[in-house]
1. Look through Y133, Y122, Y102 and report the one residue that is aromatic (F, W, Y), at pLDDT 95 or above and out of contact with any Ser or Thr (no Cβ under 7 Å at 6 or more places or on another chain).
2. Out of L105, L127, report the one residue that is under 23 Å from D39 (Cβ atoms), without any contact (Cβ under 8 Å) to a residue 40 or more places away in the chain, assigned by TED's automatic domain parsing to the domain that holds A54 and assigned to a strand (DSSP E or B).
3. How many of the residues in the range 123-174 are closer than 30 Å to D66 by Cβ and surrounded by 14 or more Cβ atoms within 10 Å (Cβ to Cβ)?
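The values are calculated or read from the model by the stated rules, or taken from the named source; none is laboratory data. None of these values were measured; they are calculated from a predicted model. We place every Cβ from the backbone using ideal geometry, glycine too, and count neighbours over all the protein chains shown.
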Amino acid sequence: MTVPSSVKTGATVLVGGGVLILLVLVGIIAMPGLVGGNDAYIVTSGSMSPTIEAGDVIVTQDVSPDEIESGDIVTFHDGSNEQSGYITHRVVDVVEENGERYFELKGDANDNPDEGLVPAEYAQGELHWHIPYLGHLLLFARSTLGLFVLVIGPGLALVASGSWQLLREFGYVSDGGATNDGQPELEGTTNETPALEPAANETAGHAHTLDDGTDSEAER
């Protein structure tokens, strides 16, 4: 069965658009400066829910520790967290001790503040904005299945579509089929002699009609 060219074009546009969107989003993570940020992180826990959910991507801006105030959402380097190395929580108190500045942090979803105070020099950046769900997509893209579905699969589809268009341009294939010499077959041009059946209720000597199918609509 011949696939209409409009369907092929639509599929190509859909796949190409999906790949383009993915590349743009990945570009934001790789180069957060494109959107006014300095760093980007994938959120892996729900401690800041509902403000920030697990699977979101946050983009931060550099901030001076002296400018951080209570209520700010800040990403800090967390020496006790060997897995991620960073924590993003809300500042609930600013403490000055012996000329040093410290912050008390708390996740919006947590009942109590975090244990201990965080030194000001651990501050990495203040929340600039975040992209919901993008982290799930990026984590999926890192898997073998995700790499095929989001990168290799669409790439092969684009190559196949481009190859098909080239074959059509050079006349090797057509919507109506192809012959060994690269010329498309024309429907209704076989060497068989069509059988004629007499029309009902007609007498001898009357002309007979043959439906040659010329009214059939060509597939596009």
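1. Values: Y133 fails: at pLDDT 95 or above; Y122 fails: at pLDDT 95 or above.
Testing whether each residue is aromatic (F, W, Y), at pLDDT 95 or above and out of contact with any Ser or Thr (no Cβ under 7 Å at 6 or more places or on another chain) leaves just Y102.
2. Details: L127 fails: without any contact (Cβ under 8 Å) to a residue 40 or more places away in the chain.
On inspection, the qualifying residue turns out to be L105.
3. Of the range 123-174, the ones closer than 30 Å to D66 by Cβ are 123-131.
If we keep only those that are surrounded by 14 or more Cβ atoms within 10 Å (Cβ to Cβ) as well, we get 123-128, 130-131.
Of the residues in the range 123-174, 8 are closer than 30 Å to D66 by Cβ and surrounded by 14 or more Cβ atoms within 10 Å (Cβ to Cβ).
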